[in-house]
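For reference, the structure is listed below as structure tokens.
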Amino acid sequence: MALALVRALIGPTVYDRVLTVNMFGTKTVLLLSVIAFLAGRPDFLDLALAYALINFIGVLAVLEFFKSRSVRREQERGADTESDGGGTE
């Protein structure tokens, strides 16, 4: 867990950080499931399932945000190159 925390804080890319946050969410779901089993409280499984869905949707939303941001930057770079007269004539 300590190594994952380090990876989340200083990961070389955003995707490493997102993967680490997803791992923490998965471990939380597992912990809730184990607590539900040991305590004999099946209603905790509903909480674990809801948390798993929120974790999954959250990761997809963050990845889509960063993907669209990187595509937008690429388009801006292409527009800058064209406006600078990027060709050699």
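No lab work stands behind these numbers, since they all come straight from the coordinates. From a predicted model like this one, the values you see are computed outputs, not experimental measurements. With ideal geometry, Cβ positions are generated from the backbone for all residues, glycine too; neighbour counts draw on all protein chains shown.
Numbers for the structure displayed
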item	result
Environment charge of Ala36, counting only residues whose C-beta is closer than 10 Å and scoring Lys/Arg +1, Asp/Glu -1	-1
Full-extension gain in nm, Leu47 to Thr13, via 0.36 nm per residue minus C-alpha separation	9.1 nm
nm² value of the averaged projected area, convex hull over the Cα atoms of the chain	7.7 nm²
Crossing angle, helix 14-39 versus the chain [Cα axis fit, 0-90 degrees, rounded to tens]	10 degrees
